[in-house]
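Let me begin by handing over the structure; questions about it come next.
Quick note: the coordinates plus some simple rules give every number you see, no bench work behind them. What you see is a predicted model; the values in this text were computed from it and never measured. Cβ placement follows ideal geometry from the backbone for every residue including glycine, while neighbour counts extend to all protein chains displayed.
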Amino acid sequence: MLPTWLNLDTSRRFVLERAHRTLAKPKVGYNRAVIIRFLQFQDCKYVFHPAKKLSISHEGQRNFFAQDISAENMKTQSPFNAVKKIYIEAGTFRGFQLHPCKMRVLHNGKIILFSTPKEAEDFLLN
C-alpha cells in the first residue's frame, strides 16, 4: 500500500522490521495509529519524505504520517510550538535538529538554525 499511496518507484524495495497498531484507543473520528519500523534508516527517509508532502486517504479516511520522537525530545521542542506555527504557515519550517535541539527554517534558500524560541521570534521581526 505504501508505494501506491506515495507514488514510489515500485522497483526499489524497502524492508519493514515490524508494523503494528498502537494499543491506545483512537480519538473520536480518527483511526488507530499504526507504527512502522524500517530495517534501514535510508528506507525510512525514502518513504517519509514524500509522505509529508502528500495528502493521502484510504477508504475515505485521511492518513497522517509522523516521525516517532521520544518524550525527552518532545519536551525540548515544545517551547518552540508557538513560533513553529508561524513558520509552518509561512511554509518555511524544516523540522528540528535533535542534538542539540535547534529549530530549522528555510530563508532565501539557506537553512537557518535557532537555539531558542526567542531567536526565532526576533528573526521574524527583523
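Out of the residues in segment 1-38 that are of a type in the set (S, T, Y) and in a loop (DSSP other than H, G, I, E, B), which is farthest from the chain's Cα centre (by Cα)? Working first, answer last.
Looking only at segment 1-38, we keep the residues that are of a type in the set (S, T, Y), and these are 4, 10-11, 22, 30.
This time we only want the ones that are in a loop (DSSP other than H, G, I, E, B), so: 10-11, 22, 30.
Details: T10: 23, S11: 25, T22: 18, Y30: 18 Å.
Among them, the one singled out is S11.
Which of (1) of a type in the set (S, T, Y); (2) over 19 Å from M1 (Cα atoms); (3) surrounded by 15 or more Cβ atoms within 10 Å (Cβ to Cβ) does S70 not meet, given it meets every other one?
(3)
Related question: So, of the residues in segment 63-89 that are part of a helix (DSSP H, G or I) and small (G, A, S), which turns out to be farthest from the chain's Cα centre (by Cα)?
A82
Does segment 39-58 hold any residues that are more than 14 Å from the chain's Cα centre (by Cα) and surrounded by fewer than 15 Cβ atoms within 10 Å (Cβ to Cβ), and which are they?
Matches in segment 39-58: L39, Q40, F41, Q42, S57, H58.
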